[in-house]
1. Give the residue that is surrounded by the most Cβ atoms within 10 Å (Cβ to Cβ), with candidates limited to residues of the stretch 42-59 that are more than 26 Å from Ile86 (Cβ to Cβ) and touching a strand residue (DSSP E or B) at 6+ places or on another chain (Cβ under 8 Å).
2. Would you mention how many residues in the stretch 101-127 are within 15 Å of the chain's Cα centre (by Cα) and in a strand (DSSP E or B)?
3. Take the stretch 1-49 and flag every residue that is part of a loop (DSSP other than H, G, I, E, B), basic (Lys, Arg) and without any contact (Cβ under 8 Å) to a residue 40 or more places away in the chain.
4. Within the stretch 83-111, can you find the residues that are within 17 Å of Asp58 (Cα to Cα), surrounded by 18 or more Cβ atoms within 10 Å (Cβ to Cβ) and in contact (Cβ under 8 Å) with a residue 24 or more places away in the chain?
5. May I ask you to verify whether Leu114 is hydrophobic (A, V, I, L, M, F, W, C) and closer than 19 Å to Phe4 by Cα?
6. Please identify the pairs in which a residue from the stretch 64-77 that is more than 22 Å from Leu129 (Cβ to Cβ) has its Cβ atom under 8 Å from the Cβ atom of a residue that is aliphatic (A, V, I, L, M), counting only partners at least 6 apart or on another chain.
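What follows is calculated from the coordinates using simple rules that are stated; it is not laboratory data. Note that this is a predicted model, so its numbers are computed, not measured. For neighbour counting, all protein chains shown are included, and Cβ atoms are generated from backbone atoms with ideal geometry for every residue, glycine included.
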Amino acid sequence: MIPFHEMRTGDYLIADNDGDKKQGEVTDLNHNEKQVCVNTGTQDFWYDTSQLSPIPIDEEQLLKLKFHNQDNNDGTVKYMKGAFRILIPAKNDFSKFEIWYRDEHRHILHPIYLHNLQNHFFEMTKVHLNDEAFD
């Protein structure tokens with residue numbers, strides 16, 4: 001379950017409709033009822049937060065969002081999208097990492113999920129992180 005206060009329009013997550021789990025995008029939030037409208041590719045549908053799960057960050061998710069990766073000589077891996085950067089300590093190790101955009105740096109000291117990364121990205125760039133950002 002994802003806490004309601006963490007979700008923003010444009011965030012990606014997993015919606016569970018009676019056992020049918022699909023990745024979708026938040027299209028609307030109902031603050032009074034604490035419900036989230038998610039488009040899973042076929043239609044928009046309202047979900048309770050108990051029906052929503054976070055997506056772990058991994059290379060596959062970043063490549064879907066059109067990040068480019070660079071293996072560094074010291075074993076670290078850098079992912080780039082426009083001027084936004086993610087530096088992880090080793091291939092496929094997203095347990096802690098550094099993100100930066102221009103002169104703002106943030107150190108993430110524990111694993112976070114894709115919607116959390118999207119929220120950091122938006123706070124830093126004022127652009128929603130999706131596959132079209134910075135294209």
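1. In the first step, residues of the stretch 42-59 are kept if they are more than 26 Å from Ile86 (Cβ to Cβ); the result is 42-51.
Okay, now just the ones that are also touching a strand residue (DSSP E or B) at 6+ places or on another chain (Cβ under 8 Å), so 44-49, 51.
Details: Asp44: 13, Phe45: 16, Trp46: 14, Tyr47: 18, Asp48: 13, Thr49: 15, Gln51: 20.
The extreme case among them is Gln51.
2. Matching residues across the stretch 101-127 total 2.
3. Step one: list which residues in the stretch 1-49 are part of a loop (DSSP other than H, G, I, E, B), which gives 1-3, 7-11, 18-19, 31-34, 40-43.
This time we only want the ones that are basic (Lys, Arg), so: 8, 34.
The one that is part of a loop (DSSP other than H, G, I, E, B), basic (Lys, Arg) and without any contact (Cβ under 8 Å) to a residue 40 or more places away in the chain: Lys34.
4. Phe84, Ile86, Phe94, Ile99
5. Numbers: hydrophobic (A, V, I, L, M, F, W, C): yes; closer than 19 Å to Phe4 by Cα: yes.
The answer is yes for Leu114.
6. Asp71/Val77; Gly75/Ala90
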